[in-house]
Amino acid sequence: MDKIVIKGGRPLFGEVRISGAKNAALPLIAATLLTPGLHTLHNVPDLRDTRTILLLLGTMGVKWERDGSTVRIDSTDLSEFEASYELVKTMRASVLVLGPLLARLGRARVSLPGGCAIGARPINLHLDGLKRLGVTVELEKGYVDAIVDGPMHGNTIVFDKQSVTATENILMAAVVADGTTVIKNVAREPEIGNLIDMLTIMGARIKGRDTSQLEIEGVNELRPAEISIIPDRIEAGTYALAVCAAGGDATIVDCIPEHLSSLIDKLQTVGVTVEESGNSIRVIRKGPIYAVDVSTATYPGFPTDLQAQMMALMALSNGASVIDETIFENRFMHVAELRRMGADITIKGRTATVKGMRDLSGAQVMATDLRASASLVVAGVAAKGITEISRVYHLDRGYEDLEGKLSGLGAVIRREKEG
């Protein structure tokens with residue numbers, strides 16, 4: 001097992017290039033199951049999660065090859081409708097094959113998902129939506145067993161709450177359902193827009209992109225697609241916060257500033273200069289960081305996936321900040337590790353109060369989930385002394401070449417084997 005070792009206290013300068021978005025790549029890879037043929041996806045990040053879903057497709061008879069950041073997927077010989085526990089347990093997004101398998105084969109057997117332990121994330125919204133399309137669903141021995149007799153039929157589906165993966169799953173099933181499907185209270189994250197663009201290239205008829213209501217007119221046939229994955233806004237935000245924590249002047253390129261508007265607003269409030277230009281943002285931090293309150297929300301609000309990294313920055317601020325986590329009920333597991341580095345943080349329910357201080361100190365800490373891992377990196381590049389982060393396989397799920405990119409900004413960081 002690997003660990004990451006950081007010698008902190010050095011400001012960051014230079015340029016860092018952002019990879020394709022993990023949370024866009026996964027549903028787009030799943031969407032290749034919808035129709036036979038050769039699909040081509042560009043800007044696919046090489047991550048533990050993208051490898052896992054490609055391995056999963058391979059167990060179903062799908063052929064694929066990677067050439068740099070381009071992945072070609074031939075789903076012609078799709079023959080298996082089961083997604084086994086051995087792969088699904090490591091990545092919650094594996095449930096995204098449920099809708100495409102039903103659309104293509106009329107049958108799906110998918111293990112209940114795993115992934116980061118950041119709170120209960122039931123898939124009832126997925127299953128209730130599929131039932132509205134005429135799918136029969138049974139839960140047995142840890143698996144979702146779903147079957148549809150004949151084509152699915154369009155219907156109106158109203159989500160009790162917004163869910164990115166439920167929106168994506170129902171969307172992929174509905175594109176071939178008879179008639180019209182209306183999905184209300186859908187999530188509006190940019191990654192969903194990327195999926196809608198791919199489905200449209202495939203021949204789907206979808207109205208309402210970037211709104212809270214989607215209208216899908218089912219089609220009888222789809223065709224293979226070629227499309228690029230959008231830049232990863234969470235990766236971009238993580239590097240921006242690392243520059244803010246350590247100080248310096250860095251440009252984050254190959255990103256979409258519009259997707260980072262809520263974070264940029266906060267950074268300008270805390271005393272950091274942010275300059276937007278085309279597909280890049282420049283982050284300059286020279287003086288002190290000031291405290292600001294943060295409440296996570298669905299897009300375009302402040303992302304829950306940047307909450308932990310923002311907390312690491314607030315631990316270094318002048319003043320006290322209040323951070324409310326409204327999305328997941330168990331997403332403060334990084335707090336105990338930040339405290340080991342000297343952070344003054346108290347928790348009450350879903351609210352954390354952070355009393356900023358002048359410095360953090362390097363320490364041995366343990367990653368508990370993907371974004372918690374990133375918060376420890378943000379803290380580590382700013383802290384005095386050596387920080388050792390264990391269990392960094394969590395980081396490998398969502399950050400491509402993190403050590404190389406931070407080294408390119410001047411950080412002293414390396415990966416080594418534990419023990």
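For segment 328-379, which fully contained strands (runs of 3 or more DSSP E) count at least 1 residues that are within 18 Å of Ala242 (Cβ to Cβ) and over 18 Å from the mean Cα position of the chain (by Cα)?
351-355, 364-366
For first residues located in segment 213-229 and under 10 Å from Thr35 (Cβ atoms), partners that are part of a loop (DSSP other than H, G, I, E, B) and modelled with pLDDT of 95 or more and lie 6+ apart or on another chain with Cβ distances below 6 Å form the pairs Leu222/Thr35; Leu222/Met202; Leu222/Gly203; Arg223/Met202; Arg223/Gly203; Pro224/Gly37; Ala225/Met202.
Among the residues of segment 249-281, those identified as of a type in the set (Val, Ile, Thr) and closer than 19 Å to Val292 by Cβ are Ile264, Thr269, Val270, Val272, Thr273, Val274, Ile281. Return the residues of segment 57-98 that are within 12 Å of His39 (Cα to Cα) and either in a loop (DSSP other than H, G, I, E, B) or touching a Lys or Arg at 6+ places or on another chain (Cβ under 6 Å) (or both); say none if nothing qualifies. Across segment 57-98, the qualifying residues are Val62, Glu65, Asp74, Ser75, Thr76.
Taking the criterion of being under 21 Å from Arg339 (Cβ atoms), of a type in the set (Gly, Ala, Ser) and either crowded, with 20+ Cβ neighbours inside 10 Å or in the same structural domain as Thr238 (by TED's automatic domain parsing) (or both), would at least one residue in segment 263-283 satisfy it? Checked against the condition, which is being under 21 Å from Arg339 (Cβ atoms), of a type in the set (Gly, Ala, Ser) and either crowded, with 20+ Cβ neighbours inside 10 Å or in the same structural domain as Thr238 (by TED's automatic domain parsing) (or both), segment 263-283 yields no hits at all.
Within this structure, Gly150 fails the test of being more than 30 Å from Ala367 (Cβ to Cβ), assigned to a loop (DSSP other than H, G, I, E, B) and at pLDDT 95 or above.
Yes/no matrix, rows are residues, columns are (1) at pLDDT below 95; (2) of a type outside the set (Asp, Glu); (3) surrounded by fewer than 23 Cβ atoms within 10 Å (Cβ to Cβ):
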site: Gly99; (1), (2), (3): no, yes, no
site: Ala108; (1), (2), (3): no, yes, no
site: Ala120; (1), (2), (3): yes, yes, yes
site: Phe159; (1), (2), (3): no, yes, yes
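Taking segment 32-44 as the range and being crowded, with 24+ Cβ neighbours inside 10 Å and either touching a strand residue (DSSP E or B) at 6+ places or on another chain (Cβ under 8 Å) or not in a helix (DSSP H, G or I) (or both) as the test, the residues that pass are Thr32, His39, Leu41, Val44.
Quick grid of which residues meet (1) of a type in the set (Ser, Thr, Tyr); (2) under 23 Å from Gly398 (Cα atoms):
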| residue | (1), (2) |
| --- | --- |
| Ser321 | yes, no |
| Val354 | no, no |
| Gly362 | no, no |
| Thr368 | yes, yes |
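For every residue, the table says whether it meets (1) touching a His at 6+ places or on another chain (Cβ under 8 Å); (2) on the phi > 0 side of the Ramachandran plot; (3) crowded, with 22+ Cβ neighbours inside 10 Å.
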| position | (1), (2), (3) |
| --- | --- |
| Gly301 | no, no, no |
| Met310 | no, no, yes |
| Leu313 | no, no, yes |
| Gly319 | no, yes, no |
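Within segment 129-141, residues that are assigned by TED's automatic domain parsing to the domain that holds Lys184 sit with their Cβ atoms under 8 Å from residues that are basic (Lys, Arg), at 6+ positions apart or across chains, in these pairs: Val137/Lys131.
For segment 358-381, the tally of residues that are more than 15 Å from Ala308 (Cα to Cα) and among the small types (Gly, Ala, Ser) stands at 3. Residues of segment 241-256 include none that is out of contact with any strand residue (DSSP E or B) (no Cβ under 8 Å at 6 or more places or on another chain) and farther than 21 Å from Val16 by Cα.
The values are calculated or read from the model by the stated rules, or taken from the named source; none is laboratory data. All of these numbers come straight from a predicted model, not from anything done at the bench. All Cβ positions, even for glycine, are placed from backbone atoms using ideal geometry, and neighbour counts span all protein chains on display.
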